[in-house]
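The values are calculated or read from the model by the stated rules, or taken from the named source; none is laboratory data. Just so it is clear, the structure is predicted and the values come from calculations on it, not from any experiment. We place every Cβ from the backbone using ideal geometry, glycine too, and count neighbours over all the protein chains shown.
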Amino acid sequence: MKFNHNFKLVDYTDNYRLYACDDVNARLDFVEENIVRVAIYRHGEDILPTFCINPYGQPNSPARNRLDTEGFHFDTPEVENTDNGEKITLTSGIEIDVDFHNFLLSFIDDGEVLFEDRRPLSYNLENEFGRGYYHYISREEDEKIFGLGDKSGFMDKAGRSFRIETTDALGYDAESSDPLYKHIPFYICENSVGNYGIFYDTSATSYMDFGVEINNYYQPYKFFKTEDNCIVYYVIFGSKLEILRSFARMCGKQAFPPKWSFDYCASTMAYTDAENAGEQMQGFLDKVKDLDFSCSGFYLSSGYTSIGNQRCVFNWNKDKFPDPAAFVKSYEDSNIHLIPNIKPAFLTTHPMYGMIAEKGLFVKNEDGTPFVTQFWDGLGSYLDFTNKEAYDFWGSQVTEKLLDNGIVATWNDNNEFDIKDSDATVKGFGFGKIRARDVRPDLTYLMVKSSYEAQRKKHPELRPFLSTRSGNIAVRRMAQTWSGDNMTSFHDLYYGHYIGLTLSMSGMFFYGHDLGGFAGEMPSKELLLRWIQHGLFEPRFTIHSWNTDGTATMPWTYEDVIDDVREIFAQRKQLIPYLYSSAYNSVSYDEPMNAPLFLYYDDEDIEEDCESFLVGRDVLATCVLDEGIENISAYLPEGDDWYLDGKFYKGGQNVSLHIPPTSKMPYFIRSGCVFPTDEGKYGFESEQKLVFTVYPLETGFFQSSFFDDDGETFEYKRGNCTRLIFSVVCEKDKVSVFYKNIGKVHITPDIKLVGSDDRKLIIESRD
């Protein structure tokens, strides 16, 4: 009977419990002491696999059954019967009240309801709410919501609704557009009782409503709806940081990018789109040398594949680039890595289209013919990456057309797989033919995975570098990302700042933006400078453009500020040792590179939406995001003290900053760290000089660490790296630094005390 479903316990172990009502199963798995998985599915229904869950696994792991629990550590909770069902107490202390009537869950923290399923029915068990699977849960009026991937607007998503779907959102409004490029149905909720996180493990188009919809017949609620044939979700408990760490760990480690990717990487559509693309690319090489800019990479836009006015993936335009290998070598000889653009769809005019169609490698219509849809420059068909033959074909093309010509990186672009038609099918994952629209983010993941494996096979000694515009959370295991084709405006700089931090709060730790703005008019001088200042602190430091007048946005766009831009770029070089060491910590400890202040500090004076953010754990940066502003205030969170240009500041206060567009960026360094910088010569042929500056406490003890390696291989996993542990004792008259090399590559660190501190510095090796 609708709205009246009585479940009963039908199976259990120490780590899971299975309940059933007619043909509906409800399952609880206690996968970690702070993580519970809930699954609602119909008996006998095929459940599509997942690529997103990969606890402690390999970066390119295959699909797994969504009900699989391999790799988790498991919890063994206490269970007792109640009048209406069961009470389950996790080792963490969280209680779960299971009401057998309609299978309603309440999660209780220290005697208070943290959140609960909406009564009298939360799940759409007999189509009471229409088609699809639903999950309705309680909502507090003042709760806050963080996450969901690259969603627009401010940090807090409460009071808004979103579509969870991937879209090629060229020129999106960073304040309001939805959806964008990522499919990450994960969020962290903060309410009056505490925090919890929820990840809905699905690849289907889904919807999240955080209070837009209201209904007089129910208490305040929020809900998730999916077009999937079941609902599987994980509930994570703890602080916001603990929840984010747990989510990151269960989805698999973030890929550790090579060191070169942290330096300036250039890009523009204008060069490769030009008829004289080869000359344009040589001109860039000459320019970056003549103006003495450091540059380590160039994102090669898709114009290198053009046939007429159409882009044909894996096709080198021999008029533009007669000898691809020689062209690649000219850049590699200058220590600039080319990162070529590749797209997963083949236009119907592509020279290989007929061959691929004949082999049956495309997404298909019901009748077996290639599914044709709109793509960039015309009609085309997507490869079916669930088909092993298509998957292998892609990898072979990456190898033959790119890697064999000297390429070591790939830019996986336009990979949203914009397939909405229910008649479009893919070969599936051993299930037989399934709807393509239900697995779109999986197709993106498999595209990236095929590129990744080709790179690993060609260069087994190198850590692959891949960038992907789209994907689910699983792509973090192989690639970095960016905020997509943003608009050239102060408006989008402002809200792009929050999109980046929202990506961080969603488990995508290595991200960046198209600095200056991608689409629109050439950025003004002020806007370009503000974008560069902001990008200084992010993992990806790339200027990329498709200006309406055909020009290219470059560091030297405005001749009168070239020296100012070079100074900011020199700051980036100076920061790379710290950024790279922080990246290692991010990968090792599942923490973001960039984070909002509230993730680490419980300080009620912190504003969620502010211009300040953390870079690693020891830097607090504040950027100007508005036009015509030069004076700004930075709040220093209580709990730590800080240094700015050597001057000491107590935490818990606002500090006024004057930041002209042309200036180098001020940034605060946390008291209680040993901070690495590169003080060597900046330029096209830079020299490294590693210096460690001690930023001491007033009194007390702290430890700090530093990581470095060859910057490109996996040798660090075998201990072939530099790992310094600094133990620092701060007394009134002296600061004693004891260091120890725990990696196999030992260095003698050049250590100094911050210039404003006149205490005696004592340095002692413990090697």
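Restricting attention to segment 594-634, which residues are at positive phi and either crowded, with 20+ Cβ neighbours inside 10 Å or part of a strand (DSSP E or B) (or both)?
Let us first name the residues in segment 594-634 that are at positive phi, namely 616, 628.
Passing the criteria: only GLY616.
Looking at (1) aromatic (Phe, Trp, Tyr); (2) in contact with a Lys or Arg (Cβ under 7 Å, 6 or more places away or on another chain); (3) assigned to a loop (DSSP other than H, G, I, E, B), find the lone condition where TYR217 falls short.
Looking at each condition in turn, TYR217 falls short on (2).
Just the residues that are within 29 Å of TRP642 (Cβ to Cβ) and either among the aliphatic types (A, V, I, L, M) or surrounded by 17 or more Cβ atoms within 10 Å (Cβ to Cβ) (or both), please, taken from segment 712-735. Even if it seems obvious, please write down each step before you answer.
Looking only at segment 712-735, we keep the residues that are within 29 Å of TRP642 (Cβ to Cβ), and these are 722-735.
Listed by number, the residues that qualify are THR722, ARG723, LEU724, ILE725, PHE726, VAL728, VAL729, CYS730, VAL735.
Take TYR299 and decide whether it is in contact with a Leu (Cβ under 9 Å, 6 or more places away or on another chain) and either in a loop (DSSP other than H, G, I, E, B) or within 19 Å of THR553 (Cα to Cα) (or both). Walk me through it before giving the result.
Working: in contact with a Leu (Cβ under 9 Å, 6 or more places away or on another chain): yes; either in a loop (DSSP other than H, G, I, E, B) or within 19 Å of THR553 (Cα to Cα) (or both): yes.
In short, yes.
Of all residues in segment 466-501, count the ones that are among the hydrophobic types (A, V, I, L, M, F, W, C) and either surrounded by fewer than 24 Cβ atoms within 10 Å (Cβ to Cβ) or farther than 23 Å from ILE407 by Cβ (or both).
Taking segment 466-501 and keeping what is among the hydrophobic types (A, V, I, L, M, F, W, C), we get 466, 473-475, 478-479, 482, 487, 490, 493, 499, 501.
Cutting the leftovers down to either surrounded by fewer than 24 Cβ atoms within 10 Å (Cβ to Cβ) or farther than 23 Å from ILE407 by Cβ (or both) gives us 466, 473-474, 487, 490, 493, 499, 501.
Going through segment 466-501 one residue at a time, the tally reaches 8.
Give segment 5-30 a look and list any residue that's among the small types (Gly, Ala, Ser) and either farther than 18 Å from THR82 by Cα or in contact (Cβ under 8 Å) with a residue 24 or more places away in the chain (or both), or say none.
Going residue by residue through segment 5-30, those that are among the small types (Gly, Ala, Ser) are 20, 26.
Residue satisfying the conditions is ALA26 alone.
In segment 41-78, what residues are of a type in the set (D, E, K, R), modelled with pLDDT under 95 and surrounded by 17 or more Cβ atoms within 10 Å (Cβ to Cβ)?
Matches in segment 41-78: ARG64 only.
Can you tell me which residue in segment 736-750 is surrounded by the fewest Cβ atoms within 10 Å (Cβ to Cβ), limited to those that are closer than 20 Å to SER671 by Cβ and not β-branched (Val, Ile, Thr)? Let's see the steps before the verdict.
Pass one, segment 736-750, residues closer than 20 Å to SER671 by Cβ: 736-739, 749.
Adding the requirement that they be not β-branched (Val, Ile, Thr) leaves 736, 738-739, 749.
Working: SER736: 18, PHE738: 15, TYR739: 22, PRO749: 19.
That would be PHE738.
Among the residues of segment 178-189, is any under 24 Å from the mean Cα position of the chain (by Cα), in a loop (DSSP other than H, G, I, E, B) and either of a type in the set (S, T, N, Q) or surrounded by fewer than 21 Cβ atoms within 10 Å (Cβ to Cβ) (or both)?
Looking only at segment 178-189, we keep the residues that are under 24 Å from the mean Cα position of the chain (by Cα), and these are 178-189.
Filter again for in a loop (DSSP other than H, G, I, E, B), leaving 178-181, 183-185.
Now restrict to residues that are either of a type in the set (S, T, N, Q) or surrounded by fewer than 21 Cβ atoms within 10 Å (Cβ to Cβ) (or both): 178.
Yes, segment 178-189 contains a residue that is under 24 Å from the mean Cα position of the chain (by Cα), in a loop (DSSP other than H, G, I, E, B) and either of a type in the set (S, T, N, Q) or surrounded by fewer than 21 Cβ atoms within 10 Å (Cβ to Cβ) (or both).
In segment 256-275, which residues are surrounded by 24 or more Cβ atoms within 10 Å (Cβ to Cβ), touching a helix residue (DSSP H, G or I) at 6+ places or on another chain (Cβ under 9 Å) and farther than 17 Å from TRP556 by Cβ?
PRO257, PHE262, THR272
How many residues does segment 336-360 contain that are small (Gly, Ala, Ser), out of contact with any Leu (no Cβ under 9 Å at 6 or more places or on another chain) and surrounded by 15 or more Cβ atoms within 10 Å (Cβ to Cβ)?
2
Name the residues in segment 434-467 that are touching a residue at least 60 places away in the same chain (Cβ under 8 Å) and in a strand (DSSP E or B), would you?
The answer is ILE434, LEU462, PHE465, LEU466, SER467.
Just to be sure I understand, how many residues within segment 658-683 are among the aromatic types (Phe, Trp, Tyr) and farther than 18 Å from LEU644 by Cα? Full working, then the answer.
The initial filter retains those residues of segment 658-683 that are among the aromatic types (Phe, Trp, Tyr), namely 667-668, 675, 682.
With the extra rule that they be farther than 18 Å from LEU644 by Cα, the set shrinks to 682.
Qualifying residue count for the region: 1.
Take PHE346 and tell me if it is touching a strand residue (DSSP E or B) at 6+ places or on another chain (Cβ under 8 Å), part of a loop (DSSP other than H, G, I, E, B) and farther than 28 Å from GLY517 by Cβ.
So PHE346 does not fit the description; no.
How do the strands (runs of 3 or more DSSP E) wholly within segment 641-726 filter down when requiring 2 or more residues that are closer than 30 Å to LYS289 by Cβ and not polar (S, T, N, Q): which remain? Please lay out each step first, then the result.
On the way: elements: 642-644, 647-649, 653-658, 667-670, 673-678, 690-695, 700-708.
Hits in segment 641-726: 673-678, 690-695.
Mind listing whichever residues of segment 507-531 are aliphatic (A, V, I, L, M), assigned to a loop (DSSP other than H, G, I, E, B) and surrounded by fewer than 22 Cβ atoms within 10 Å (Cβ to Cβ)?
Of all residues in segment 507-531, those aliphatic (A, V, I, L, M) come to 508, 515, 519, 522, 527-529.
Still in the running and assigned to a loop (DSSP other than H, G, I, E, B): 508, 522.
Selection gives MET522 alone.
Specify the residue that is nearest to ARG469 (Cα to Cα); the eligible residues are those in segment 328-341 that are touching a helix residue (DSSP H, G or I) at 6+ places or on another chain (Cβ under 7 Å) and among the hydrophobic types (A, V, I, L, M, F, W, C).
Residue satisfying both the conditions and the ranking: LEU338.
If I filter segment 751-764 down to residues being part of a strand (DSSP E or B) and over 38 Å from the mean Cα position of the chain (by Cα), which single residue comes out as surrounded by the most Cβ atoms within 10 Å (Cβ to Cβ)?
Of the residues in segment 751-764, the ones part of a strand (DSSP E or B) are 751-753, 760-764.
Right, trim to over 38 Å from the mean Cα position of the chain (by Cα) and you get 760-764.
Details: LYS760: 11, LEU761: 16, ILE762: 13, ILE763: 18, GLU764: 10.
Selected residue: ILE763.
Kindly check whether there is at least one residue in segment 429-448 that is small (Gly, Ala, Ser) and surrounded by fewer than 24 Cβ atoms within 10 Å (Cβ to Cβ). Before you say what the answer is, go through the steps one by one.
Kept after step one, since they are small (Gly, Ala, Ser), are these residues of segment 429-448: 430, 432, 436.
Narrowing the set further to residues that are surrounded by fewer than 24 Cβ atoms within 10 Å (Cβ to Cβ) leaves 430, 432.
Checking segment 429-448: at least one residue is small (Gly, Ala, Ser) and surrounded by fewer than 24 Cβ atoms within 10 Å (Cβ to Cβ).
Check whether at least one residue in segment 250-264 is of a type in the set (Phe, Trp, Tyr), touching a Gly at 6+ places or on another chain (Cβ under 7 Å) and not in a loop (DSSP other than H, G, I, E, B), and report yes or no. Explain how you work it out, then say what you get.
At the first step, the residues of segment 250-264 found to be of a type in the set (Phe, Trp, Tyr) are 256, 260, 262, 264.
In the following step, the residues that additionally are touching a Gly at 6+ places or on another chain (Cβ under 7 Å) were identified as 260.
When the remaining residues are screened for being not in a loop (DSSP other than H, G, I, E, B), the result is 260.
The answer is yes; a qualifying residue exists.
Hey, does segment 319-329 have a residue that's of a type outside the set (D, E, K, R), assigned to a helix (DSSP H, G or I), modelled with pLDDT of 95 or more and touching a strand residue (DSSP E or B) at 6+ places or on another chain (Cβ under 6 Å)? Full working, then the answer.
Taking segment 319-329 as the starting set, the residues that turn out to be of a type outside the set (D, E, K, R) are 321-322, 324-328.
After this cut, where a residue has to be assigned to a helix (DSSP H, G or I) as well, the list is 324-328.
With modelled with pLDDT of 95 or more added as a condition, the list becomes 324-328.
From the residues that got through so far, the ones that are touching a strand residue (DSSP E or B) at 6+ places or on another chain (Cβ under 6 Å) too are 328.
Within segment 319-329, one or more residues are of a type outside the set (D, E, K, R), assigned to a helix (DSSP H, G or I), modelled with pLDDT of 95 or more and touching a strand residue (DSSP E or B) at 6+ places or on another chain (Cβ under 6 Å).
From the list ASP168, ASP117, ASP109, pick out the single residue that is closer than 24 Å to ASN215 by Cβ and modelled with pLDDT of 95 or more.
On the way: ASP168 fails: closer than 24 Å to ASN215 by Cβ; ASP109 fails: closer than 24 Å to ASN215 by Cβ.
When all the criteria are applied, what remains is ASP117.
From the list LEU125, LEU170, exactly one residue is more than 29 Å from PHE598 (Cα to Cα), hydrophobic (A, V, I, L, M, F, W, C) and surrounded by fewer than 20 Cβ atoms within 10 Å (Cβ to Cβ). Which is it?
Details: LEU125 fails: surrounded by fewer than 20 Cβ atoms within 10 Å (Cβ to Cβ).
Of the residues listed, the single one that is more than 29 Å from PHE598 (Cα to Cα), hydrophobic (A, V, I, L, M, F, W, C) and surrounded by fewer than 20 Cβ atoms within 10 Å (Cβ to Cβ) is LEU170.
Of everything in segment 611-644, what is in contact with a Pro (Cβ under 8 Å, 6 or more places away or on another chain) and more than 23 Å from PRO539 (Cα to Cα)? Give them in sequence order.
GLU630 - this is the single residue of segment 611-644 that is in contact with a Pro (Cβ under 8 Å, 6 or more places away or on another chain) and more than 23 Å from PRO539 (Cα to Cα).
Please work out if TYR196 is touching a Cys at 6+ places or on another chain (Cβ under 7 Å), over 19 Å from VAL475 (Cβ atoms) and of a type in the set (Phe, Trp, Tyr). It would help to see each step written out before you state the result.
On the way: touching a Cys at 6+ places or on another chain (Cβ under 7 Å): yes; over 19 Å from VAL475 (Cβ atoms): yes; of a type in the set (Phe, Trp, Tyr): yes.
Answer is yes for this residue.
Find the residue count for segment 468-505, including only residues that are under 29 Å from ASP626 (Cα atoms), part of a loop (DSSP other than H, G, I, E, B) and within 20 Å of the chain's Cα centre (by Cα).
Residues that pass the stated criteria total 9.
Given (1) outside any loop (DSSP other than H, G, I, E, B); (2) under 31 Å from the mean Cα position of the chain (by Cα), where does ALA357 come up short, assuming only one miss?
Looking at each condition in turn, ALA357 falls short on (2).
Tell me which residues, restricted to segment 392-433, are over 20 Å from ALA479 (Cα atoms), outside any loop (DSSP other than H, G, I, E, B) and not charged (D, E, K, R).
Listed by number, the residues that qualify are PHE393, ASN405, THR425, VAL426.
Given (1) surrounded by fewer than 21 Cβ atoms within 10 Å (Cβ to Cβ); (2) within 25 Å of LEU300 (Cα to Cα), where does HIS544 come up short, assuming only one miss?
(1)
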